[in-house]
1. Take region B:28-68 and flag every residue that is out of contact with any Phe, Trp or Tyr (no Cβ under 8 Å at 6 or more places or on another chain), away from chain A (no Cβ under 13 Å) and within 27 Å of residue A:4 (Cβ to Cβ).
2. Looking at A:56, A:72, A:84, A:96 in this structure, which one is crowded, with 20+ Cβ neighbours inside 10 Å and without any contact (Cβ under 8 Å) to a residue 24 or more places away in the chain?
3. Would you confirm whether or not region A:34-42 contains a residue that is within 11 Å of chain B (Cβ to nearest Cβ), touching a Ser or Thr at 6+ places or on another chain (Cβ under 9 Å) and more than 30 Å from residue B:8 (Cβ to Cβ)?
4. Assess whether residue A:117 counts as being more than 10 Å from every other protein chain (Cβ to nearest Cβ), farther than 28 Å from residue B:49 by Cα and open to solvent by less than 20 Å² (accessible area, probe 1.4 Å).
5. Hey, any hits in region B:71-87 for a residue that's part of a strand (DSSP E or B), in contact with a Cys (Cβ under 9 Å, 6 or more places away or on another chain) and within 14 Å of chain A (Cβ to nearest Cβ)?
6. With the condition kept exactly as written, say whether any residue in region B:95-108 is under 25 Å from residue A:31 (Cβ atoms), touching a residue at least 24 places away in the same chain (Cβ under 8 Å), assigned to a loop (DSSP other than H, G, I, E, B) and within 11 Å of another protein chain (Cβ to nearest Cβ).
7. Among the residues of region B:33-52, what is the count of those that are assigned to a strand (DSSP E or B) and open to solvent by less than 60 Å² (accessible area, probe 1.4 Å)?
8. What about residue A:38, is it of a type outside the set (Gly, Ala, Ser), in contact with a Pro (Cβ under 7 Å, 6 or more places away or on another chain) and closer than 30 Å to residue B:9 by Cβ?
Amino acid sequence: GAVVSQHPSWVICKSGTSVKIECRSLDFQATTMFWYRQFPKQSLMLMATSNEGSKATYEQGVEKDKFLINHASLTLSTLTVTSAHPEDSSFYICSARLGLGGSSYEQYFGPGTRLTVT
Amino acid sequence: DQQVKQNSPSLSVQEGRISILNCDYTNSMFDYFLWYKKYPAEGPTFLISISSIKDKNEDGRFTVFLNKSAKHLSLHIVPSQPGDSAVYFCAASRVHGQNFVFGPGTRLSVLP
């Protein structure tokens with residue numbers, strides 16, 4: 001159980017275009033989803049926390065107008081990279097949390113999306 | 001300022017031996033800690049967790065030890081297997097698992 005999928009797994013786009021990445025919890029409802037970014041040989045950097053039905057909370061230094069996050073349902077969150085630039089090229093990973101309380105603190109990660117902006 | 005540190009970027013261990021991965025944190029408000037394993041181009045996989053009310057948690061070959069006074073935790077893998085070769089991330093959070101902070105990771109290589 002607790003499977004999280006991401007689509008696409010790999011995408012190449014041209015500078016100036018927008019790219020949407022989907023994160024789905026396949027067998028559970030996730031009230032909270034997280035979006036991370038990983039640079040080569042570096043750790044995961046939390047970009048934003050997304051709660052179903054409300055606006056995402058962005059970490060300091062992350063442009064909310066550039067990285068649009070929508071969490072429209074309990075099983076789907078999307079990250080849209082708008083007006084992409086080559087420096088946005090990275091590995092984007094989402095995670096979903098089962099819920100609050102009990103032992104539900106673990107985050108289950110998607111497989112990641114490799115974005116390359118040319 | 002790194003709140004979660006993994007000072008060894010890499011570790012090599014012989015198959016069958018014990019692997020010990022270390023993690024230090026600076027924020028005394030952290031009360032929940034997790035270890036994740038990550039293969040290249042894949043998302044992290046949850047391994048084991050520990051809350052601050054415990055000092056040890058065991059799951060099969062994996063044991064996590066927490067020393068709150070030293071703000072240090074470690075992951076022991078016994079016996080180590082070649083399939084354990086991956087990058088291991090330590091993560092910490094405050095109450096109710098909000099906003100995990102990840103360490104930089106340690107690349108473990110288990111040699112056959």
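1. The answer is B:58, B:60, B:61, B:63.
2. A:56
3. Checking region A:34-42: not a single residue is within 11 Å of chain B (Cβ to nearest Cβ), touching a Ser or Thr at 6+ places or on another chain (Cβ under 9 Å) and more than 30 Å from residue B:8 (Cβ to Cβ).
4. Judged against the criteria, residue A:117 is a match.
5. Scanning region B:71-87, I find no residue that is part of a strand (DSSP E or B), in contact with a Cys (Cβ under 9 Å, 6 or more places away or on another chain) and within 14 Å of chain A (Cβ to nearest Cβ), so the answer is no.
6. yes
7. The number of residues fulfilling the criteria is 12.
8. Here the answer is no, as residue A:38 does not meet what is asked.
The values are calculated or read from the model by the stated rules, or taken from the named source; none is laboratory data. Quantities reported herein were computed from a predicted structural model and do not represent experimental measurements. Note: ideal-geometry Cβ built from the backbone for every residue, glycine included; neighbour counts use all protein chains shown. Heavy atoms of the whole protein, side chains included, go into the accessibility calculation; ligands, DNA and RNA do not. Shrake-Rupley method; radii C 1.70, N 1.55, O 1.52, S 1.80 Å.
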